[in-house]
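Asks: Just passing along the structure, written as structure tokens.
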Amino acid sequence: MADPLRVLAWPAGDPSDLNPYVRRMYGAFRAPAASITAFRPLMRRIPAADIFHIHWPEGIFEGSGSNNPAIVAAKAARVLNAARGIRRSGGKLVVTAHNVTPHRDLTGWRHRVWHAYHARLLGQIDHLIGLSAASLEHYRAAHPAIAAVAGTIIPHPHYREDYPAIPRAEARAAWAIPDGIWVLGMIGSLRPSKNLVEAAEAFLAIRRPDEMLLIAGDAGDDDIAAQLAGVAARSDGTIRVVTGPLDDARFASAIAACDACLMNQISTLNSGTALVTLSLDRPLLAPAVGTLPSLAAEIAGGWVTLFDPPLAPPALRANIDMLRTSPPGGRPDLEPLDPMRLSEAMLAQFKKVASG
């Protein structure tokens with residue numbers, strides 16, 4: 001029997017602590033085929049590995065010491081040393097191209113640490129995982145140093161096992177939404193990159209009395225929260241802004257309370273929220289960027305409607321009218337995005353990379 005593929009993964013660890021994407025994508029990485037060891041930047045000893053798999057290099061800014069420049073710099077050095085040591089021993093560095101730049105706005109010392117660290121990390125990558133051909137192309141274009149690095153397309157899995165269907169009536173009761181209201185949702189963390197204020201202003205310009213825009217999520221940016229509150233104050237109750245952390249149950253409940261969900265993040269490559277929306281059988285209105293055109297082509301039946309950014313009020317009105325008069329029926333067919341099938345594809349690719 002062949003030895004199991006040894007994967008050092010960041011993040012990895014207790015499944016209960018991982019986001020659903022990471023948990024599902026390692027579903028096939030089990031004995032005897034593979035073993036997974038969780039990488040932590042400050043771990044004392046770096047274990048031997050055939051593959052060092054990094055999802056989000058910006059993880060150096062998370063966890064213990066994230067506000068301490070010396071500790072963050074030490075984390076960056078440890079990531080680079082781990083990659084160098086594993087490659088020197090015959091292993092390979094694989095990075096999943098989740099986003100072109102970190103979601104967090106990096107300024108000051110964080111900006112300096114990131115650019116020095118990331119440039120050196122790019123120089124060590126042996127293989128890229130892209131969630132669509134377009135997202136991989138954008139990632140390479142943004143980072144010319146890896147333009148020639150080989151890549152594999154493995155789409156984002158669905159989340160039906162993680163977010164079971166919630167009855168609409170139950171979800172609406174939890175969010176105190178009256179009967180007879182058609183609800184468009186923007187659910188998730190309230191980051192500037194999501195262009196929430198632009199979307200709220202567009203909705204304000206075209207909304208009808210029996211429609212609501214529900215914006216809910218953790219407001220890490222006080223300025224964004226204040227601007228959204230200002231737009232909501234002019235909406236006669238048709239825009240509701242609910243700020244605060246959303247655990248998995250409340251996140252799913254908010255999406256289930258909506259008739260459709262809107263994304264307005266034009267800089268994104270990939271979106272877990274888009275897959276949760278479809279997994280909860282809600283149609284998605286989104287910009288034609290990153291993996292979203294591929295998702296629209298993959299999932300038939302009108303479940304993904306694309307618009308050309310920037311979001312214009314007339315286009316928003318037309319798309320809402322279409323979703324109201326011709327909503328998709330049944331459930332979206334997410335079989336092509338089955339998590340175990342995609343995990344098995346990633347495991348097979350890792351074995352090829354390790355033996356190459």
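The values are calculated or read from the model by the stated rules, or taken from the named source; none is laboratory data. All of these numbers come straight from a predicted model, not from anything done at the bench. With ideal geometry, Cβ positions are generated from the backbone for all residues, glycine too; neighbour counts draw on all protein chains shown. Side chains are part of the model used for accessible areas, which takes the heavy atoms of the whole protein and leaves out ligands, DNA and RNA. Shrake-Rupley method; radii C 1.70, N 1.55, O 1.52, S 1.80 Å.
Asks: For a quick check: with amide H placed at 1.01 Å from N, whose amide H comes under 5 Å from Leu246's, ignoring anything fewer than 5 positions away on the same chain?
Replies: Amide H to amide H, under 5 Å and 5 or more residues apart or across chains, Leu246 pairs with Asp218.
Asks: So, one more: Based on the Cβ-Cβ distance of Ile181 and Asp333, what FRET efficiency does E = 1/(1 + (r/R0)^6) give at R0 = 45 Å, to the nearest 0.05?
Replies: With R0 = 45 Å, the Cβ-Cβ based efficiency is 0.95.
Asks: Continuing with this model, one more query. Wrap a convex hull around the Cα atoms of region 220-283, take a quarter of its surface area, and give that in square nanometres.
Replies: Mean shadow area of the hull around the Cα atoms is 5.3 nm².
Asks: Still on this structure: With a 1.4 Å probe and all protein chains left in place, how much of the accessible area of the chain comes from carbon and sulfur atoms, in whole percent? Spell out each step's value before the answer.
Replies: Details: 8240 of 15460 Å².
Percent of accessible area from carbon and sulfur atoms in the chain: 53.
Asks: Would you give the gap between the C-alpha center of region 280-356 and the C-alpha center of region 46-118, rounded to a whole Å?
Replies: Distance between centres, Cα-based: 30 Å.
Asks: So, one more: Arg104 to Ala173: extension gain in nm, 0.36 nm per residue of separation minus the Cα-Cα distance?
Replies: 21.5 nm
Asks: Same structure, new question: How much of Asp338 can a 1.4 Å solvent probe reach, expressed as accessible area in Å² and rounded to 10?
Replies: The accessible area of Asp338 comes to roughly 40 Å².
Asks: Per residue of region 106-114, in order, report the coupling 6.51 cos²θ - 1.76 cosθ + 1.60 (Karplus, θ = phi - 60°) as ³J(HN,Hα) in whole Hz, putting x for Gly and Pro.
Replies: These are the phi-based 3J(HN,Hα) values: 9, 10, x, 5, 5, 4, 5, 4, 4 Hz.
Asks: If you don't mind, another one. For the pair Asp3 and Ala229, what calculated FRET efficiency results from E = 1/(1 + (r/R0)^6), where r is the Cβ-Cβ distance and R0 = 56 Å, to the nearest 0.05?
Replies: On the way: r = 58 Å, r/R0 = 1.03.
In this case the efficiency is close to 0.45.
Asks: Ok, one more. Given that compact globular proteins tend to follow 2.2 N^0.38 Å, what is the ratio of the alpha-carbon Rg of the chain to that value?
Replies: Normalised Rg, Cα atoms only: 1.04.
Asks: Please give the direction-averaged projected area of the C-alpha convex hull for region 160-224, in square nanometres with one decimal. Working shown, then result.
Replies: Numbers: hull surface 22.9 nm².
It is 5.7 nm².
Asks: Counting only the backbone N, which residues of region 46-65 are under 12 Å from the spot 7 Å out from the Cα of Asn81 toward its beta-carbon?
Replies: 46
Asks: Among Thr273, Thr238, Thr107, which one moves the most in a GNM of the chain with springs linking Cα atoms closer than 10 Å?
Replies: With Cα springs under 10 Å in the chain, the top fluctuation among Thr273, Thr238, Thr107 is at Thr107.
Asks: Then there is this: Under 15 Å between alpha carbons, and skipping anything fewer than 8 positions from Lys92 in its own chain: which aspartates and glutamates qualify?
Replies: The reachable aspartates and glutamates, counting only those whose Cα sits under 15 Å from Lys92, are Asp50, Asp126.
Asks: I've got another one for you. Report P(r) for region 124-267: all Cα-Cα distances, bin width 10 Å, range 0 to the bin holding the largest distance, values in whole percent.
Replies: Reading upward from the zero bin: 11, 33, 28, 19, 8, 1.
Asks: Can you give the alpha-carbon Rg of region 168-336 over 2.2 N^0.38 Å, where N counts its residues?
Replies: So region 168-336 has a normalised radius of gyration of 0.95.
Asks: Among 320-327, 124-131, what's the highest-first ranking by average C-beta atoms within 10 angstrom per residue?
Replies: The most tightly packed comes first, giving 124-131, 320-327.
Asks: Counting only residues 5 or more places away or on other chains, whose amide H sits under 5 Å from the amide H of Lys92 once H atoms are built in the peptide plane?
Replies: HN-HN under 5 Å from Lys92: Ile51, Phe52.
Asks: For region 1-145, what is one quarter of the convex hull surface built on the Cα atoms, given in nm²? Mind showing how you got there, number by number?
Replies: Values: hull surface 37.2 nm².
Average of the hull's projected areas for region 1-145 equals 9.3 nm².
Asks: What accessible area per residue, rounded to a whole number of Å², is obtained for region 168-336 using a probe radius of 1.4 Å?
Replies: Result: 40 Å² per residue.
Asks: For Ile153, enumerate residues with amide H under 5 Å from its amide H, sequence gap 5+ or separate chain, H modeled in the peptide plane.
Replies: Gly130
Asks: Along region 238-249, what does the Karplus equation 6.51 cos²θ - 1.76 cosθ + 1.60 (θ = phi - 60°) give for ³J(HN,Hα), rounded to whole Hz, x for Gly and Pro?
Replies: Working through the residues one at a time gives 7, 10, 10, 10, 10, 9, x, x, 10, 6, 4, 5 Hz.
Asks: While we're on this one: What does the accessible area per residue of region 1-108 come to in Å², with a 1.4 Å probe and no ligands, DNA or RNA counted?
Replies: In whole numbers, region 1-108 has 48 Å² accessible per residue.
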